[in-house]
Amino acid sequence: MDKAEVSRMNTRPESEQAKELAVEQTVLQVQQGDVQAYTVIIRHFQRPIYLYCYYLLGNREEAEDAAQDIFIRALERLEQYSAKVSFSAWLYTIARNHCMDQIKLRSKGFRLLSIYRKHQQQAEPAEGSRYTEVVHGLLERLSMEERQILLLRALEEHSFEEIGIIMDMNTGTVRKKYERLRKKLGRRQNNGGIIAHEPN
């Protein structure tokens, strides 16, 4: 593990560091030929990647298909992965690019909230109750860029550096855009809306 990796790991809470280290060790196993170990990675990221795709695509079936495609692509490209960035950031980069490609193929009549309401009962089991209609009401009012930044920071709890990597954007620019987004949501809170809270 080089200095950059150590520095990145030290910015995480201890529990997160332990999880990240376990993931990195599993990735190394797969890179060394233990393909069966990849199921551990899938189990670890399956729910968050599915939800990320679902919030961007707005359709349960498309999100399920996208998540499968993303894990297949990640496995195919795993030998290219270097621990200079977290595996999570690397995986979410693949997820974002895949979802953006899917959105580009759609008609311009895409409406996230209406699709969400149609599939809400099927898409959200009881343990996912924190992903509520309130969140979707908020996301529906944001641009695609704002939506991605909010999902990656407030819900998926990525660092600004990782979001910059995922979205191919300067870290300082991501931070400024997120702060503007927080102010924007804060104004809505004063009018009965909600505000994005920093990750714990």
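Readers should treat all values here as calculations from the given coordinates under stated rules, not as data from a laboratory. In this text, all values refer to a predicted model and were calculated from it rather than measured experimentally. Neighbour counts run over all protein chains shown; Cβ positions are idealised from the backbone, glycine included.
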Study note, to complete from the structure: Computed over all unlike Cα pairs, the Kirkwood hydrodynamic radius of segment 47-104 in Å stands at 11.5
Study note, to complete from the structure: Net charge (Lys, Arg +1; Asp, Glu -1) of residues whose beta-carbon lies under 14 Å from that of Ile72, Ile72 excluded, is -2
